[in-house]
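Trainee: If you scroll down you'll find the structure; I have some questions about it.
The values are calculated or read from the model by the stated rules, or taken from the named source; none is laboratory data. Note that the coordinates shown come from a computational prediction; the quantities given were computed from them, not determined experimentally. Glycine also receives a Cβ, built like all others from the backbone with ideal geometry; neighbour counts cover every protein chain displayed. Only protein heavy atoms, including side chains, enter the accessible area calculation; ligands, DNA and RNA are left aside. Shrake-Rupley method; radii C 1.70, N 1.55, O 1.52, S 1.80 Å.
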Amino acid sequence: MPQIERFAVGSIDCQIMPDGVAMYEPDGFAVGVPVDQINAALTARAQDNGQFAFPYNSLLIRAGGRIALVDTGMGAEAARHFGEPAGHLMDSLAASGITADQVDLVIISHAHLDHIGGLTVAGDGERIPVFTRARHYFGQAEWDFWTSADGLAQAPEELADAARAHLPPLRRAGLVELVNQETEVLPGVRLLPDSGHTPGHTVVALTSARDGALYLGDAVLDEANFAHPDWVSVYEWDPGMAVATRTALIEGAIAENRLLIAFHLAARGYAERADGGYRLRHVGAQVPAAP
């Protein structure tokens, strides 16, 4: 497992919680882009079998005397099912001395499998929430899409199956909080609706004193999206909106000097304009591409 990295945004304490990595085919990362260009952009992630290893990194936040977890990874069960070296979030939490019942808030950037797979575990005849004390925050549009027959019918089956498995148990347990506008959930921690990747995708803004950061979820899928902000994956719900959202977030982060963190980024850093696009100036550790 990659090393758990701890850093501060003013008085807000943060830790990267590695869930592992998963393998992806290059043609799914950038629709319509020649594979040789994709391969060149993703060289650091290349595996011998022609696939690319993408890290899965949740974020743990301590603010105002409370603990929030942003995204829950693939979950151990799904990782075993798909044969991916992921599903290790609980190991990372344990290594940090955190138990599930210490988490006060769970924030879900969006309801794709690799972000919600750790929400529940199999119980006696039904699935059981892992973070039983936590309020679980979703964008209203995100929740509505992934819990409706119409929304699920539009989604790839493996993503729809994950939503059917993990979301209803949270509702039955009365743990769900839905937001449809900018909302502060902890001191200095705000949820910002930024649709595009999914209908109700949400990013998390951290602000304390003069420091600021953005957890981008999947608004940026890889560092290559800084050099190529117009590349869109097969998983984008609205490709045009995804590009517009990504560009606006990067431009806003540059203007406000905000640290950027994302679920699949191998390193956190600051965006800079470069060669007609952007680049990420790294700070902190680089997460290994391969398990």
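Trainee: Over the stretch 172-229, calculate the relative contact order: mean separation of alpha carbon pairs under 8 Å at least 6 apart, over the residue count, as a percent.
Mentor: 20 percent
Trainee: Under a Cβ-only charge scheme (Lys and Arg +1, Asp and Glu -1), can you give me the dipole magnitude of the stretch 134-257 about the Cα centre, in debye to the nearest 20?
Mentor: Numbers: 7 positive and 19 negative charges, 104 e Å.
My answer is approximately 500 debye.
Trainee: Would you mind calculating the relative contact order of the chain from Cα pairs under 8 angstrom and at least 6 residues apart, reporting the percent as a whole number? It would help to have the intermediate numbers written out before the result.
Mentor: Working: 648 pairs, mean separation 51.8, N = 291.
Result for the chain is 18 percent.
Trainee: Ok, one more. Among rounded, prolate and oblate, which fits the stretch 174-218 when a ≥ b ≥ c are the square roots of the eigenvalues of its C-alpha gyration tensor, a/c under 1.5 means rounded, and a/b larger than b/c means prolate? Could the numbers behind the result be given before it?
Mentor: Details: a/c = 2.53, a/b = 1.34, b/c = 1.89.
Oblate, because a/c is 1.5 or more while a/b does not exceed b/c.
Trainee: Once the dipole of the chain is set up with Lys and Arg at +1 and Asp and Glu at -1 on Cβ about the Cα centre, which of HIS228, VAL204, GLY20 lies farthest towards its positive end?
Mentor: VAL204
Trainee: Moving on. For the chain, what is the percent of antiparallel DSSP beta bridges, rounded to the nearest 5?
Mentor: Details: 46 of 59 bridges.
Rounded to the nearest five, the antiparallel share is 80 percent.
Trainee: Given +1 on the Cβ of Lys and Arg, -1 on the Cβ of Asp and Glu, and no further charges, what dipole in debye does the stretch 14-129 carry about its Cα centre, rounded to the nearest 20?
Mentor: Details: 5 positive and 14 negative charges, 71 e Å.
For this selection, approximately 340 debye.
Trainee: Suppose R0 equals 30 Å; then what is the FRET efficiency for GLU272 and ASP27 from their Cβ-Cβ distance, rounded to the nearest 0.05? Don't skip to the end; give the middle numbers.
Mentor: On the way: r = 29 Å, r/R0 = 0.97.
Once rounded, the FRET efficiency stands at 0.55.
Trainee: Roughly how many Å² is the accessible area per residue of the stretch 45-161, as a whole number, for a 1.4 Å probe? Working shown, then result.
Mentor: Values: 4560 Å² over 117 residues.
With the other protein chains kept in place, the stretch 45-161 gives 39 Å² per residue.
Trainee: Still on this structure, please answer the following. Once R0 is set to 35 Å, what does the formula 1/(1 + (r/R0)^6) return for the Cβ-Cβ distance between GLU182 and ARG133, expressed as a FRET efficiency to the nearest 0.05? Walk me through the numbers on the way to the answer.
Mentor: Details: r = 25 Å, r/R0 = 0.72.
Here the calculated transfer efficiency is 0.90.
Trainee: Separate question: When a/c is below 1.5 the answer is rounded, else prolate if a/b is larger than b/c, else oblate, so apply that to the stretch 145-201 with a ≥ b ≥ c taken from the square roots of the Cα gyration tensor eigenvalues.
Mentor: Values: a/c = 2.76, a/b = 1.49, b/c = 1.85.
Because a/c hits 1.5 or more and a/b fails to exceed b/c, the stretch 145-201 counts as oblate.
Trainee: Taking only protein heavy atoms into account and a 1.4 Å probe, give the accessible area per residue of the stretch 162-207 in Å².
Mentor: Working: 1740 Å² over 46 residues.
In whole numbers, the stretch 162-207 has 38 Å² accessible per residue.
Trainee: Further, regarding this structure: Using the Cα gyration tensor of the stretch 194-291, with a ≥ b ≥ c the square roots of its eigenvalues, what is the shape: rounded (a/c below 1.5), prolate (a/b larger than b/c) or oblate (neither)? Walk me through the numbers on the way to the answer.
Mentor: Details: a/c = 1.38, a/b = 1.20, b/c = 1.15.
Here the stretch 194-291 falls in the rounded category.
Trainee: Roll a 1.4 angstrom probe over the protein heavy atoms and tell me the percent of accessible area of the chain that is carbon or sulfur.
Mentor: Values: 5970 of 12000 Å².
Carbon with sulfur: 50 percent of the solvent-accessible area.
Trainee: Using P(r) over Cα pairs in 10 Å bins from 0, in percent as the read-out, say which of (i) 6, 26, 29, 23, 13, 3, 0; (ii) 5, 16, 16, 10, 6, 5, 4, 4, 4, 4, 4, 3, 3, 3, 3, 3, 3, 2, 1, 0; (iii) 6, 30, 40, 20, 3, 0 was calculated from these coordinates.
Mentor: (iii)
Trainee: Something else about it: Along the charge dipole of the chain, Cβ charges K/R +1 and D/E -1, which of PRO169, THR43, TYR137 sits furthest on the positive end?
Mentor: TYR137
Trainee: Compute the FRET efficiency between ARG66 and ALA227 as 1/(1 + (r/R0)^6), taking r as their Cβ-Cβ distance and R0 = 30 Å, and round to the nearest 0.05. Please report the intermediate quantities before stating the final value.
Mentor: Numbers: r = 37 Å, r/R0 = 1.24.
Result of the calculation: an efficiency of 0.20.
Trainee: Determine the dipole magnitude for the chain: charges of +1 sit on the beta-carbon of Lys and Arg, -1 on that of Asp and Glu, nothing else is charged, the reference point is the Cα centre, and the result goes in debye to the nearest 20. Numbers along the way, then the final one.
Mentor: Values: 19 positive and 37 negative charges, 188 e Å.
My answer is approximately 900 debye.
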